Each structure stands twice: as structure tokens, then as C-alpha cells.
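**Q** Got a structure for you, written out below as C-alpha cells; questions coming shortly.
Readers should treat all values here as calculations from the given coordinates under stated rules, not as data from a laboratory. Fair warning: this is a prediction, and the values are worked out from it, not measured in the lab. Glycine also receives a Cβ, built like all others from the backbone with ideal geometry; neighbour counts cover every protein chain displayed.
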Amino acid sequence: MTGALGVLADNTPVLWRLLSLALFFAAWEIAGRTNFNYAFPTFFETMTALWEMTADGSLFSAYLRTLQPLVIGLVFSLAVGVSAGVLMGLRRDAEWITLPVFITMQAAPMAALIPLITFVYGIGMTSKVLAVVMLAMPVIAINSYKSVRNVSPSLVDMCKSFQGSRRQQVFRIILPAASPMMFAGIRLGVAEGFSGAVLAELLITPTGIGDLITYSRSVAQFDHMYAVILSIVAFAVITVSLLQLLETKLFRPEKRGT
Amino acid sequence: MELYGYKVPKMAALLVWVVIWEIIGQFELVMLFPPFSDVLLAIPDVITTPSFLEAARITVLSYLGGLALALVVGVSLGLLMGLVKPADRLLNMWVNVFLSAPLSALVPVIMILFGMGMPTVIVTVFMFAVWIIALDTRAGVLHVSPSLMEMSSSFGASRWHRMKIILLSALPEILAGFRLGVIRGVKGVVIGQLLVSIIGVGALFALYSQNFLMAHFWALILILFAFALGLAEMIGRLEQRVEYYAGARS
Amino acid sequence: MHMTQPIVAETEADQIIEVAGIHKVYNETVTALKDINLGFGRGELTSLLGPSGCGKTTLLKIISGLLKPTSGEIRVNGETVTGPGPERAFVFQDFALMPWATVLKNAAFGLELKGVGQKAREDKARHYINEVGLAGFEDKYPHELSGGMRQRVGLARALAVEAEVLLMDEPFSAVDEQTRRKFQEDLIRLRETENKTFILVTHSIEEAVYLSDRIVLLSPRPGRLKQVVTPEIDRSGNPEAIRRNPEYLDLIDDIWAGLRDYVE
């Protein structure tokens, strides 16, 4: 599961990937031309619509709106989720009291809370940020917890045997050793956060990307609707993959170069 | 030691949170949380309404339908990717894309293609569950021990027999994928109904929020959570049985 | 000739480590070690030998201070041990290298924890990397090295802190046979330059006899002292010649005769 989110980083040859993309788009184009559904545009129509929306700036301003709750929510989820996860991994008492909550939150359909949150906090920014946090934080916290728990006990023993202090144990051994799995959890959390942001905009009140989707649908501009959906999916996938590249560049010297 | 010392206090900690919830509710500290006792009292009220029974029917049927579809398609897709290299190269990227994509954004498309009813919810469940099942099945097939395969061909096993060996040795991974698919599927069934909003649970939520029935709202959420956690627990038990021989395998 | 000693609390003058009345019980039910009394002479190489489950690694970890005994105490240079200390350095069975750090940084880690400055600790680490035969690999990462080379890094790290005692937990069990042999020969050479006390846990009778001044045999479940054997093998010449030494071969047979009961 750890490597599941590395679309750009898996080792399929580039040529195969291009072929795969080409086949997918070709199938889309052909399906669109058969007119099996009045609301299914062809690939080229969708790309044209995407270009139009990019050119007139509507796509850009929609992303600007959508990214606000997403970024705020993700920053909050990262700060709280990682600290809670690490704390649960290091301390039994923190684990006992907090872990069941996060386990419940991860296994349960948290999206069901979005209507409730809208009901209480209205249709503003707070609700949207909360929607992102609810979806992104549990997976970040649980993975940070697991990553700390999975640190090789012999590495910790090694640090102890050289009389490392608890502080040194945590900062020199446990956190670096836990970081690969923690980053994998963060990537999953970011992906969930995208889901939360889109869901919030579709459910709470149409703004940003959600507004573009809802509006295009209501005026039957299905090529525009598909273009927006395609763009947000691509945006999410590319963001998550870039995070992985960034992680390798910044934190994993042993994977760099040879 | 972990098993024994772990299970019991896990429940106890949730009780602590329930008590905190009750206190917050009683003193109206956070608007989001009505007293937990009110929520509990609302549960019978929610369960006995005809619209709840209708919602439960839709939820269970579309969940099971979507999940069954995801299991069949996911395992076949995973087998295909694990066994046929070109198929893997073509499909792997898309499976990974759909795993990290915000699938909620696809629901409007599904709604247009499949209408505002149960088929949309079924497809949503399918979309949420299928990719992780495919990916884990693929991993399971790729991890089948080569010596096991050499053994079976050296003893002249038929094609059908070898397929069976592959499926059985990939079973732990398939089940792990299925468990994740079960959890994702619950999210799918809820999100699908929320977005369609005129049937099932989605309609109930709309009803409760129009009438300011906070406790009912929470009662329904608790029922959904219990459904999700119960399913996850069930699959977890099943998985432990399979891991019995998976542990011996590695 | 070698001789087999009865089990008595030894009272030689120069004992760097004393093990007094050690019991270890896990989970209040499993007795891992029972009534262990031992002394380790300064500059000696002692092997703790026994079948799996005899508690030899547990005893080593108690000596290192990583585990606490249920009762009894360990004294190093006459002082009671309460935890890991600078006189003892541990070499781990699974190497315990940091995958994110280079060979040089791994080897210098013990010094780094002690607050030694970068220049000083890297100079010293370089010296010992050279000593264990890894010169030229300073900037490699652990995953680029073979198992045997990784354990050499573990050894260099333990040597770099200049502890008096090296505690080695089955250091060669995770490397292949050829590498193991080479490593054993190198260890004999290393003892000529580094005047240290070694305590080595092993399940290999050949390895114990080949390397040790003294072999402590433990019986399984609960681990007790069964026998202390003192091989008197001349290791001054070619290390390869030891393996053809009749005393070496006889002693292996003797020990095996004593241990085979536990295996059946």
C-alpha cells in the first residue's frame, strides 16, 4: 500500500505509459462519437472545453477558490495528525485514549458528517476546512502512529546501547526511521483532502471547482463539466506524485543518485 | 499480551469520549454535539420510520451490489495484471490514478450516465472499492513464491490447477484488498447517496437538516458508523483465519 | 589440551565483568535465565553458546544494560550496571544500521551521540572503517553493501567509541558462509591490534571453538550454565590453519556430544 500512490514514480517505461494514455483517450474519443449517451462528450470536445476555460481564466480562479480550504485544512491536518500520531506511537497513555478515536474516524464514512457540519457552521469556509480535515487527518494520524510503531526495535536498542538520551532516540532514530511510512500516510491524506474539498464544494455550496461542475451540468455544457473533473483528478494525482518526488529529493539521500 | 491488554481498554477509551461528549452536549459547549443521551434516544425513533427502512434497503442493496461487482472485476483485473505483463504496463497507471484521485468528483458524471437512483450508488460503491482490490490482488499474484510454481509444474499440474494454486496463495493479499475495499465501499455508498441526495440516506439527511433534528442526524451517523465498523471487524476476523497459513507461508 | 572446568564462581583477580545470580523471567511465567554466575576476564574472548531458546542473547542484552534482569546484578569494573554504559559497545545481529546515513555517519554515530565534534568523530570513524577493511566505502549507503560489509560497519561503529568490552550478538549469523569465515579470521587479527574484551553470542559450535578463549555452554529453557570450556588452541599462526588443528576438531566433537541431547 505504501507505494500505491506513486503514479509518476513507478517503474513502468515512459513509452508504455504514453501508450496507455493514448489508448485510454482513444477509447474515450470513440465512445463519445458513438453518442451512446447525450451527456458524454468526446475526448477532443473535452480538451477544447478545457482549453477555453484555461484561456478565459475561469478555471484558474475556480482553483484559487478551491485551494483555500484545501490548503488550510491540509496544513492543520498535517500539524495535528502527525503530532497526534507520533505521540500515540511514543506514549502508551496517549495511544490508549486517542487511537480508538482515529481508528473509528478512519474506518467510518466521515463524509456523512459533512451535511451536519454545514447544518451547524453554515456554508462558509469553516465547514469546508472541516470537511477537508475530517477526511485527511485520520489517515495521516494513523499512518504516523503505525510508522513510529514499526521502527526497528534494534535501531532503538542501538541508540540506547550508545547511551543516547530519549530526545536523541526520538529525533535521531525514531523520526527519521518512521519518515518513509509517515510520508506515505501524508500522501494518502492529501489525496483524501482533495476528496474532502471537492465533496464540500459539491455538497455545501457550489464554489470553485464544485461550482464549475454543478454549473456546467445545469446548463448542459457537459464537455465543460468533464473538462473540470478531468482537471481536478489530474491535479490531485500530479500533486500527490510530486509530493513523492519532493520527499525523495529532500529527505531520502540514500535513494538519490545511484 | 497485546491482544489481551489491547482489546478491553480500547472500548473503555471510547466510553471516556462518550462521557466527554455527553458533558459537552449537556452544557451546550459545542453546537455540533447534542447530548449523547439524546442521540441514543433518537436511535429507536430513527430506526422505526418507514423512510429509514427504505434508506437501509437502498444502502444495503446498492452496497452489496457494488461490492460484489468490485470483487469480481477487481480480482479479475488484478489477476490479469499479475499474470500478463503488457496488461500490467497498460493498466497499472490507471489503477494508481484512481486510487489517489478524488473519486467524489466523478460522482456527478456517474449521476448523468446512470440516473439519479440506485444504479449511481452501486457504481459509486464499485468505483471506491475496485481499485484497491485489483492492486492488492496483483501484488498477491506477483508474490506467489516461484518455487511453488516450479513445484506445481514439475509435478505436471494442469493449467487449471496452477490457477488454483495462484489464487490460493494470493488469498491473503486479496483479502487484505477486500477489507480495504469494504471500508472504501461504505464511504462510497454514503457519498453516492449524499450527492444524489434524493434517495436513501441522502434523503434522510436532507429531511433532518430541514427540520433541525440534530439528535436524529447524529443517530443516523452512528448507525452508519456502526455498520462500517461492524463490517471492518468481520472482515478482520476472516483475515486472521487466512493469515494463519499466510504466516506459515512467508 | 583443553580442559573442562566445573561451574564455580571464579575469583580471578582481573575480571572486567561479573554476572552475579542473574534470573530473567518474561511475562511472569517464562523463565529465560536461571541462576547465572559468571566472570569475564579482561582481554578474553568468551562465547555464549547454546541451542536457540537458551537465553544467550537475553544474557548478552542484560550485560549490555538493554534488558533488566528479574534479579541479580551485573558489575563492570566492580560497579553495578543500571543501563548501557561507555565501557560496553554492542554489535547487533541485524546490524542496526541507519538506512538514511552513509557508512561514515553510521560508524560515527556512537561518537555523535556523545557530542564529539564532526571533524574528530569522522577522523576516528575513518580510522576504524579502515581497520575493519571498508576503506573506500565511506560514502556508500547500507543498502549498497553486502551483509558482511554491513556488519563490518556495525563493528567499526562499536570500535569507534573505544569501549573496553565488545558485546556481539550472533554477529555473523546473517551473512553467508564464505563471508563468515573471512570475518572470523579478520576478528582473530583484529584482536591482535585491539586489546579488548569480547563477549560473543553464537549458535555455531565451530565458530565458538575457532574464536574463543573460553566457551560458556548454556542449556535451554530455562537457560542455565551447563559447562565452561577453555579451548587452548594456538591462534598465533595462519588463521586458516586453525581449522585443521586436531584440538579444534576434537573439541567441536566433544561439545556436540554434550549438546545433541537438547536437539532431539
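**Q** Which Cα, out of A:Tyr145, A:Trp51, A:Gly208, lies furthest along the positive dipole direction of region A:43-253 (beta carbon charges, K/R +1, D/E -1)?
**A** Of the listed residues, the answer is A:Tyr145.
**Q** From the phi of every residue in region A:190-200, what ³J(HN,Hα) in whole Hz does the Karplus formula 6.51 cos²θ - 1.76 cosθ + 1.60 yield, where θ is phi - 60° and glycine or proline is x?
**A** 5, 4, 5, x, 4, 4, x, 5, 5, 4, 4
**Q** Still on this structure: Put +1 on the Cβ of every Lys and Arg and -1 on every Asp and Glu Cβ in the protein assembly as shown; which of C:Ala257, B:Ile110, A:Ser241 then has its Cα farthest towards the positive end of the dipole?
**A** Of the options given, the answer is B:Ile110.
**Q** Right, here's the next one. Going by C-beta contacts inside 10 Å, put C:Trp100, C:Trp256 in order with the fewest on the left.
**A** Lowest count first: C:Trp256, C:Trp100.
**Q** If you take every residue apart from A:Tyr226 with its C-beta less than 11 Å away from the C-beta of A:Tyr226, what net charge results, scoring Lys and Arg +1 and Asp and Glu -1?
**A** After counting each charged neighbour, the total is -1.
**Q** Indicate the gyration tensor shape class of region A:104-204 (rounded, prolate or oblate), computed on the Cα atoms with a ≥ b ≥ c the square roots of the eigenvalues: a/c under 1.5 is rounded; otherwise a/b larger than b/c is prolate and the rest oblate.
**A** Note, shape of region A:104-204 comes out prolate.
**Q** Then there is this: Taking the Cα centre of each part, how many Å lie between region C:70-127 and region A:102-169?
**A** About 34 Å separates the Cα centre of region C:70-127 from the one of region A:102-169.
**Q** A follow-up question, please. Report the trypsin sites (Lys or Arg not before Pro) located in region A:43-134 that are in a DSSP loop and have at most 16 other Cβ atoms inside 10 Å of their Cβ, or state none.
**A** A:Arg91
**Q** Count, for each residue of B:227-237, the Cβ atoms from other chains sitting within 10 Å of its Cβ, then give me the mean as a whole number.
**A** That works out to 2 on average.
**Q** Determine Rg/Rh for chain C; Rg is computed over alpha-carbon atoms and Rh is the Kirkwood hydrodynamic estimate from the same atoms.
**A** When Rh is taken as the Kirkwood radius, the ratio is 0.96.
**Q** On to the next question. Positive end of the dipole of chain A, charges at C-beta (+1 Lys, Arg; -1 Asp, Glu), about the Cα centre: which of A:Thr66, A:Ala177, A:Ala227 has its Cα farthest in that direction?
**A** Working it through, the farthest residue towards the positive pole turns out to be A:Ala177.
**Q** So which chymotrypsin sites (Phe, Trp or Tyr not before Pro) in region B:187-229 end up in coil per DSSP with only 16 or fewer other C-beta atoms within 10 Å?
**A** B:Phe212
**Q** Taking the Cβ of B:Tyr63 as the centre, find all other residues whose Cβ is under 13 Å away and add up their charges (Lys, Arg: +1; Asp, Glu: -1).
**A** +3
**Q** Once you've got the Cα coordinates, tell me which of C:Lys24/C:Lys182; A:Lys249/C:Lys182; C:Lys56/C:Lys196; A:Lys146/B:Lys187; C:Lys140/C:Lys196 are over 30 Å apart.
**A** As for pairs spanning more than 30 Å Cα to Cα, those are C:Lys24/C:Lys182; A:Lys249/C:Lys182.
**Q** Charges only on Cβ, +1 for Lys and Arg, -1 for Asp and Glu: so what's the dipole of chain C about the Cα centre, in debye to the nearest 20?
**A** 720 debye
**Q** Now a separate question. Shielding by partners for C:57-65, please: the mean number of other protein chain Cβ atoms within 10 Å of each residue's Cβ.
**A** Shielding by partners across C:57-65 averages 1.
**Q** Separate question: Please say if chain A is rounded, prolate or oblate, where rounded means a/c under 1.5 for a ≥ b ≥ c the square roots of the C-alpha gyration tensor eigenvalues, and otherwise the choice is prolate for a/b larger than b/c and oblate otherwise?
**A** Oblate.
**Q** Sticking with this structure for a sec: How large is ³J(HN,Hα), in whole Hz, for each residue of region C:207-218 in order, when computed from phi with the Karplus curve 6.51 cos²θ - 1.76 cosθ + 1.60 and θ = phi - 60°, using x for Gly and Pro?
**A** Per residue, the Karplus-derived 3J(HN,Hα) values read 4, 4, 5, 4, 9, 8, 7, 8, 10, 9, 8, 10 Hz.
**Q** Students often forget the sequence filter, so: which aspartates and glutamates lie under 19 Å Cα-Cα from C:Lys119 once same-chain residues fewer than 8 apart are removed?
**A** C:Glu131, C:Glu138, C:Asp139, C:Glu162
**Q** Please sort by residue number the trypsin sites (Lys or Arg not before Pro) in region A:157-220 whose DSSP state is loop and whose Cβ has at most 14 other Cβ atoms within 10 Å.
**A** Of the trypsin sites (Lys or Arg not before Pro), not one in the loops of region A:157-220 has a Cβ with at most 14 other Cβ atoms within 10 Å.
**Q** How charged is the neighbourhood of C:Glu122? Take every other residue with its Cβ under 13 Å from the Cβ of C:Glu122, and add Lys/Arg as +1 and Asp/Glu as -1.
**A** Taking every other residue near C:Glu122 into account, the sum is +2.
**Q** Just the number, please: percent antiparallel of the DSSP beta bridges in the protein assembly as shown, rounded to the nearest 5.
**A** Of those bridges, close to 55 percent are antiparallel.
**Q** How many nm is it between the label spots at B:Ser154 and C:Arg260, if each spot is 7 Å from the Cα in line with the beta carbon?
**A** According to this spin-label approximation, the distance is 3.0 nm.
**Q** OK, next. Report the charge-dipole magnitude of region A:43-253 in Debye, nearest 20, computed about the Cα centre from +1 at each Lys and Arg Cβ and -1 at each Asp and Glu Cβ.
**A** 1140 debye
**Q** Then there's this: At a 10 Å Cβ-Cβ cut-off, how would you order B:Val125, A:Val14, fewest neighbours first?
**A** A:Val14, B:Val125
**Q** Express as a percent, rounded to the nearest 5, the fraction of DSSP beta bridges in chain C (both residues included) that run antiparallel.
**A** Percent antiparallel among DSSP bridges in chain C is about 55.
**Q** Need one number: nm distance between label points at B:Leu61 and C:Glu247, each 7 Å from Cα along Cα→Cβ, rounded to one decimal.
**A** 8.9 nm
**Q** Using θ = phi - 60° and the Karplus curve 6.51 cos²θ - 1.76 cosθ + 1.60, what whole-Hz ³J(HN,Hα) does each residue of region A:228-235 get, with Gly and Pro shown as x?
**A** The phi angles translate into 5, 5, 4, 5, 6, 4, 4, 4 Hz.
**Q** Say a site is exposed when it is one of the chymotrypsin sites (Phe, Trp or Tyr not before Pro), sits in a DSSP loop, and has at most 10 other Cβ atoms within 10 Å; what is then the longest site-free stretch of chain A?
**A** Between the exposed loop sites, the longest stretch runs A:39-258.
**Q** Give me the one-decimal nm value for the distance between modelled label points at B:Ser145 and A:Ala27, 7 Å along each residue's Cα-to-Cβ direction.
**A** 3.6 nm
**Q** Where in region B:50-86 is the amide nitrogen less than 20 Å from a point lying 7 Å along the Cα-to-Cβ axis of B:Leu113?
**A** Of the residues in region B:50-86, B:62-78 have backbone N under 20 Å from the label point off B:Leu113.
**Q** Under the definition of Cα pairs under 8 Å and six or more residues apart, what whole-number percent is the relative contact order of chain A?
**A** Reported as a whole number, the value is 28 percent.
**Q** Right, next: If r is the Cβ-Cβ distance from B:Thr49 to B:Val242 and R0 is 60 Å, what FRET efficiency results, to the nearest 0.05?
**A** It comes out at approximately 0.90.
**Q** Can you compute the charge dipole magnitude of the protein assembly as shown about its Cα centre, using +1 on each Lys and Arg Cβ and -1 on each Asp and Glu Cβ, nothing else charged? Give it in debye, rounded to the nearest 20.
**A** 980 debye
**Q** Right, next: Give the order of B:Leu61, C:Leu187 when sorted by the count of other beta carbons within 10 angstrom, beginning with the fewest.
**A** Lowest to highest Cβ neighbour count: B:Leu61, C:Leu187.
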